[in-house]
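A short write-up of the structure that comes next.
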Amino acid sequence: MSPTLRMALLFSMMGCGHLITVTVPEKFVNVTNGESALLQCTFVTTVQNTSNIIIQWSFVAKTSNVLQQVYYSQSGEDVISKPYEGRLNAPTYPATSNASITISNMQVSDAGAYTCEVHNFPDVNGKTEATIIVNILERPSVPFCAVHGDVESGHLVTLTCHSERGSPTPTYTWIRVDQDKTKTPVMGNPDPNIGSLYFRNISQFEFGEYCCSASNAVGSATCTVELSHELGDGAIAGAVIGALLGAVLIILIIWFMTHSMKKQKSKASKATEMQAIPKSSATVAYEGVPTRESGHQAYVTSGGVPMATNSHVHSDADGERAEA
């Protein structure tokens, strides 16, 4: 052991060493979200000269174990970390016995442990640091209420209520609101920590309007939900109507396609029949096709039977008279 260290240890054991004591009057500080936090820290040193004093504030968030520097001061030179720029008011210099700081616009992310540390050489002994736990209080946000389950007698139905924000974590309370706006206790099984209200075997006596209140030390917010038989019937009716409309649409498509095919077949059949009908059945007029057999001129009827003309008859009669 070196002579200097041995001498310092001897002075310390004799009570002749320099001492410093850092204290915080409040170890727990609650701050509403958006407001300012005064973190008080005082110290007592045996050295009269404080021109070389070192003051440092560090922070560990509730959601992390990482140590972050908030503020550092030595010989009157201040260094403020970026997340606290424009938000932190540093202690005055030269420091007499006050190392307190004020942080404005506190957010939920600022909740955690803040440590005040002071050094004033040649003070080598004593309590050089103290810690303050800061809690950020935030009013619960407006919760969201919902109904889960088949709203029919004898079924399990659950009402849920949840706030996205709130510190401390909100607790939830359910009440029933009658038609005359009278508030009565609920008949189900509520869970105040997660905001659920269970109806194991729901009946018509439990139908009605329900109100959920999310509250903490800062304030509260509410939401309402209607628990009625129509809620379940409406969902079922909607599904049935949708299925029926779909079936009707399919039937109409099939009927239209079948009707079109039948119509096309009918037109094709009529065209074929018209082409198969002979021209002879439509008229008994003579065909203008002359034939000559044995010097006689004849016309052929549409039935294929030859008929003599008047000229042939007169010619035969004249011949007979000449022979006579």
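Quick notes on this structure:
- In sequence order, calculated HN-Hα J values of the stretch 136-151 (Karplus, 6.51, -1.76, 1.60; Hz; x Gly/Pro): 9, 9, 9, 5, x, 6, 4, x, 10, 9, 8, 10, 10, x, 8, 7
- Spin-label proximity, Arg165 to the stretch 79-112 - amide N less than 16 Å from point 7 Å beyond Cα toward beta carbon: 105-111
- Estimated FRET transfer efficiency (Ser36, Val177; beta-carbon r; R0 51 Å; 0.05): 0.85
- Put a plus charge on the Cβ of each Lys and Arg, a minus charge on the Cβ of each Asp and Glu, and nothing anywhere else: the dipole of the stretch 17-137 about its Cα centre is then about 180 debye.
- Gln48-Asn89 FRET efficiency (beta carbon distance; Förster radius 30 Å; 0.05 resolution): 0.70
- Under 5 Å from the amide H of Cys41 lie the amide H atoms of Ala99, Ser100, Ile101, each residue being 5 or more positions distant or on a separate chain, with H modelled from the backbone and absent for Pro and chain starts.
- Computed over neighbours whose Cβ is under 13 Å from that of Tyr71, the net charge equals -2, Lys and Arg +1, Asp and Glu -1.
- Here's how it looks for Asn33: its modeled amide H is under 5 Å from those of Leu137, Glu138, Arg139, which are all 5 or more places away or on a different chain.
- Euclidean distance of C-alpha centroids, the stretch 94-119 and the stretch 160-200, integer Å: 39
- All lysines inside 30 Å of Lys267 as judged from Cα atoms, apart from same-chain residues fewer than 8 positions distant: Lys279
- Annotation: the stretch 144-231 has a Kirkwood hydrodynamic radius of 13.2 angstrom, from the mean reciprocal C-alpha pair distance.
- Extending 7 Å from Cα along the Cβ direction at Asn65 and again at Glu26 yields two label points whose distance is 3.0 nm.
- Summed residue charge, Cβ within 15 Å of Val134's Cβ, Lys/Arg positive, Asp/Glu negative: -1
- For the stretch 17-137, the relative contact order is 41 percent, taking Cα pairs closer than 8 Å that sit 6 or more residues apart in sequence and dividing their mean separation by the residue count.
- The modelled label-to-label distance for the pair Ser109/Asn193, using points 7 Å beyond Cα in the direction of Cβ, is 2.9 nm.
- Backbone N within the stretch 199-218 under 13 Å of label point (7 Å from Asp150 Cα along the Cβ vector): 202
- Those lysines that a straight Cα-Cα span of less than 27 Å connects to Lys62, excepting residues fewer than 8 apart in one chain: Lys27, Lys82, Lys127
The numbers here are math on the coordinates, done by the rules we state, and not lab data. Because the structure is predicted, anything quoted here is derived from the model rather than measured. Using ideal geometry, Cβ is built from the backbone for each residue, glycine included, and neighbour counts are taken over all protein chains shown.
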